[in-house]
Amino acid sequence: MKIVHILLSGPYSDHFSYQENLLSKYHAKSGLETVLIAANWRWSIDGKLEKTETGTYRDENNVKIIRLPVLGRNCNSRIKHLKGLYRTVEDENPGILFIHDCQSVDLGVLASYLKKHHNVRAYVDNHVDFSNGASNWLSVNVLHKMIWKHYVHRIEPYVRKFYGVLPARVDFLINMYHLPADKCELLVMGADDEEIERARQPELIQSNRERFGIQDDDFLIVTGGKIDAAKTQTLLLMKAVRHIDSPHLKLIVFGSIDKSLQDQVEQLTDHDRIQYIGWAKGNQSYDYFAMADLVCFPGRHSVYWEQVAGLGIPMLCKDWPGTHHVDLGGNVVFLERDEEQLLEEKIREIAENPEKYERMKRAAAEKGMKEFSYKEIARRSAGALRLHE
């Protein structure tokens, strides 16, 4: 059986830990012949959008990658089209079609294909909610309620399931696009099982902590992701840690920094207790998170939340609606407000209370590593498990 993944809305970058990379990886490892169709754009190692060649190749997991040219300014343009998409899908002749992202005019192209190929199992996922896509009147009332809703309903008769990757994104499918609730389900993002096993090796964790000057009796907090105008809460975290007078409380920050905030980050860096270590290349994020006692995400949700849950590390997270799926019974403490004082209180509550921390650690290890394993997520998705029973 062949499964074809189609990435509609953004660039595809080899060796990244995004959903399209890891679902296709573990579908291939499960025995499915796996193809991924994407635009001829990718993110560079330093986080810049760049054009790449069109054509076909196989990656290290034996996934066949097909890159098509984009009709539009670039692959991040709202209205764009993958040139030659219909014929490419027809040539591949899939048994399963997994469509990543439902905000695309190419849903119309794929609806036409599925109308003529009723034997194909089709699935569509959604990565958008009010926090990251439908954030103003024009976006809500024109893009989503008119344009994207139209294309979603064109393909809906031929789709077995629409997956939201967060509870908020399942609700978005139902409430924004008026899709049938029984056709919409949660399919969480997660962590790469192979990277979890590698990064959790005690010798590697010890080596990485020593590399950054972290002692055995230090309590290490790690945070990662973009630091920009939409995620200035990282600065509050740095201030909160500076304010806690404990030589054994350490903070490591990694990720890209908007130029307008670079001076503030440098001013808050304290080389004894607070370090900014730059951009995480490839799968380095697994190494950084695995050496933490606590991972803190004081701002908007990112794919790192599920990665850390999969690593089995306790978390302190911003209380975003529709993101409580990462709480598996005590592994997460949520922050109700963007306040330095609240961050300080919650950090003290966890770091200075060994019994509470051990309960968080136990819940994280026992449940998170299974629930957010991409090997298991791949088995649950796209009917792959049912096809192999």
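With a probe of 1.4 Å, find how much accessible area the stretch 229-282 has per residue, and write the answer as a whole number in Å².
Averaged over the residues of the stretch 229-282, the accessible area is 52 Å².
Could you tell me which residue out of L335, T88, S17 lies farthest along the dipole of the chain toward its positive end? Charges go on the beta carbon: Lys and Arg +1, Asp and Glu -1, centred on the Cα centre.
Positive-most Cα among the choices belongs to T88.
Measure nothing but the geometry: give the 0 to 90° angle between the long axis through the Cα atoms of 19-29 and the longest principal axis through the Cα atoms of the chain, rounded to 10°.
That works out to roughly 70 degrees.
Kindly write out, for the stretch 102-109 in residue order, the coupling ³J(HN,Hα) from the Karplus curve 6.51 cos²θ - 1.76 cosθ + 1.60 (θ = phi - 60°), rounded to whole Hz, with x marking Gly and Pro.
In residue order, the calculated couplings are 10, 10, 7, 5, 5, 4, x, 4 Hz.
Could you let me know the centre-to-centre spacing of the stretch 85-128 and the stretch 28-57, using Cα atoms, in angstrom?
Going from one Cα centre to the other spans 18 Å.
I'd like the accessible area for D228, computed on protein heavy atoms only with a 1.4 Å probe and all protein chains in place. Round to 10 Å², please.
Per-residue accessible area (D228): approximately 40 Å².
With a Förster radius of 25 Å, plug the Cβ-Cβ distance of M1 and E366 into 1/(1 + (r/R0)^6) and report the FRET value to the nearest 0.05.
Approximately 0.15, to the nearest 0.05.
Keeping all protein chains in the complex and leaving out DNA, RNA and ligands, what accessible area do you get for S17 with a 1.4 Å probe, in Å² to the nearest 10?
20
Taking all protein chains as present, what is the carbon and sulfur share of the accessible area of the chain, in % to the nearest whole number, probe 1.4 Å?
Carbon plus sulfur share of accessible area: 47 percent.
Cα axis of helix 233-243 to longest principal axis of the chain: angle in degrees, 0 to 90, nearest 10?
With rounding to tens, the tilt is 10 degrees.
Net charge within 14 Å of D171 by Cβ-Cβ distance, Lys/Arg positive one each and Asp/Glu negative one each, not counting D171 itself?
Combined, the nearby Lys, Arg, Asp and Glu give 0.
Can you give the charge dipole size of the stretch 318-360 about its Cα centre, rounded to the nearest 20 debye, using +1 on the beta carbon of Lys and Arg and -1 on the beta carbon of Asp and Glu?
Dipole of the stretch 318-360, to the nearest 20 debye: 180 debye.
Sort Y357, Y123, Y276 by heavy-atom solvent-accessible area, probe 1.4 angstrom, most to least.
Y276, Y357, Y123
Got a sec to turn the phi values of the stretch 2-14 into Karplus ³J(HN,Hα) couplings, 6.51 cos²θ - 1.76 cosθ + 1.60 with θ = phi - 60°, whole Hz, x for Gly and Pro?
10, 10, 10, 8, 10, 9, 8, 9, x, x, 10, 10, 4
Accessible area of K226, 1.4 Å probe, to the nearest 10 Å²?
120
Along the stretch 291-302, what does the Karplus equation 6.51 cos²θ - 1.76 cosθ + 1.60 (θ = phi - 60°) give for ³J(HN,Hα), rounded to whole Hz, x for Gly and Pro?
8, 7, 7, 8, 10, 10, 10, x, x, 4, 4, 9
I want to check the label-to-label distance for H15 and D182. Put each point 7 Å from Cα in the C-beta direction and report it in nm to one decimal.
Spacing of the two 7 Å Cα→Cβ label points: 4.7 nm.
Could you order H248, H271, H144 so the one with the most accessible surface comes first? Probe is 1.4 Å.
Ranked from most to least accessible, the order is H271, H248, H144.
The values are calculated or read from the model by the stated rules, or taken from the named source; none is laboratory data. It should be emphasised that the depicted structure is a prediction, and the values quoted were computed from it without experimental measurement. Cβ coordinates were reconstructed from backbone atoms using ideal geometry, including for glycine residues, and neighbour counts include every protein chain displayed. The accessibility values were calculated without ligands, DNA or RNA, using every heavy atom of the protein model including side chains. Shrake-Rupley method; radii C 1.70, N 1.55, O 1.52, S 1.80 Å.
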